[in-house]
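Colleague: Handing you a structure now.
The values are calculated or read from the model by the stated rules, or taken from the named source; none is laboratory data. Given the structure is predicted, the values throughout are model-derived calculations rather than measurements. Positions of Cβ are backbone-derived with ideal geometry, glycine not excepted, and every protein chain shown enters the neighbour counts.
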Amino acid sequence: MKKIFIPAVANFSVKNVLDNFFSQKQPKLAIFTTIQYLKEVQEYIKKNKLKNILFGGQILGCDSGSAEKVCRKVNAFLYVGTGEFHPGALIKFNKKIFIANPENNSVTTVELKDVEALEKVRRGKISKFLLSKKVGVIFSVKPGQSKFDEIKRIKRILNSFDKEYYFFIGDEIKNLEDFIGIDMWINTACPRIEGKNIINLDDLESSYE
């Protein structure tokens, strides 16, 4: 099925919540947002001549590439938007995260202790992967999530761990429990796909390195 993706601009202004946030002294940080607020956030930064602020650009819960480019230059992240799906892509960088919600003008934080708790879960999954025998590798055909160009590298990593592995390709990732015999899953699609037997490719690569 062919799909057309059309960007939509939000009806909520970012001005009030950002005025509130920057009314207090903040650490050197990078600002990220979604396509709905992208233009307005850029204009706000330029108009207010914010210092010690880097504009990280657009972020998706499935892609943290924009954060990787600036993470070493800042001490914290500010996500402008609603929900926790998209800022979830920032957690792996071990920095304090501020979430500025233009819809209700609230500012919340993801503290380092929360990040450390998630890191503990990640290490547990790596240990579980190392003990597994049969591994399933999940590939998505969704635009922006497919990583078929990584197959050779994934095979090299799995061969180094001496794993028996199988590739699974689909649009909707579900019913993994139906595949009896798979001890652990490697997720190459959206990193927000969670499960006690699912480890993201980025996390696996960190243990391989």
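Colleague: For segment 145-157, which residues satisfy the criterion of being farther than 11 Å from Ala189 by Cβ and either at pLDDT 90 or above or among the charged types (D, E, K, R) (or both)?
Modeller: Within segment 145-157, Asp149, Glu150, Lys152, Arg153, Lys155, Arg156 meet the criteria.
Colleague: Of the numbered conditions (1) touching a helix residue (DSSP H, G or I) at 6+ places or on another chain (Cβ under 8 Å); (2) in the same structural domain as Ile157 (by TED's automatic domain parsing), Ser132 satisfies every one except a single condition; which is it?
Modeller: All conditions are met except number (1).
Colleague: Could you identify the single residue in Val121, Val107 that is among the β-branched types (Val, Ile, Thr), under 30 Å from Leu38 (Cβ atoms) and surrounded by fewer than 18 Cβ atoms within 10 Å (Cβ to Cβ)? Reasoning before the result, please.
Modeller: Working: Val121 fails: under 30 Å from Leu38 (Cβ atoms).
That would be Val107, the only listed residue that is among the β-branched types (Val, Ile, Thr), under 30 Å from Leu38 (Cβ atoms) and surrounded by fewer than 18 Cβ atoms within 10 Å (Cβ to Cβ).
Colleague: Same structure, new question: Looking at Ser160, is it surrounded by 13 or more Cβ atoms within 10 Å (Cβ to Cβ) and among the hydroxyl-bearing types (Ser, Thr, Tyr)?
Modeller: The answer is no for Ser160.
Colleague: Just checking, how many residues over segment 166-193 are under 18 Å from Lys128 (Cβ atoms) and surrounded by fewer than 18 Cβ atoms within 10 Å (Cβ to Cβ)?
Modeller: 7
Colleague: Further question: Please find, among Ile31, Ile45, Ile35, the residue that is within 21 Å of Asn105 (Cα to Cα), among the aliphatic types (A, V, I, L, M) and either assigned to a helix (DSSP H, G or I) or free of Cβ contacts under 8 Å to residues at least 24 places away in the same chain (or both).
Modeller: On the way: Ile31 fails: either assigned to a helix (DSSP H, G or I) or free of Cβ contacts under 8 Å to residues at least 24 places away in the same chain (or both); Ile35 fails: either assigned to a helix (DSSP H, G or I) or free of Cβ contacts under 8 Å to residues at least 24 places away in the same chain (or both).
The match here is Ile45.
Colleague: Something else now. Take segment 122-173 and flag every residue that is of a type in the set (A, V, I, L, M, F, W, C), outside any helix (DSSP H, G or I) and touching a strand residue (DSSP E or B) at 6+ places or on another chain (Cβ under 8 Å). Before you say what the answer is, go through the steps one by one.
Modeller: Step one: of segment 122-173, the residues of a type in the set (A, V, I, L, M, F, W, C) are 126, 129-131, 135, 137-139, 141, 148, 151, 154, 157-158, 161, 167-169, 173.
Restricting the remaining residues to those that are outside any helix (DSSP H, G or I) gives 135, 137-139, 141, 161, 167-169, 173.
Matches in segment 122-173: Val135, Val137, Ile138, Phe139, Val141, Phe167, Phe168, Ile169, Ile173.
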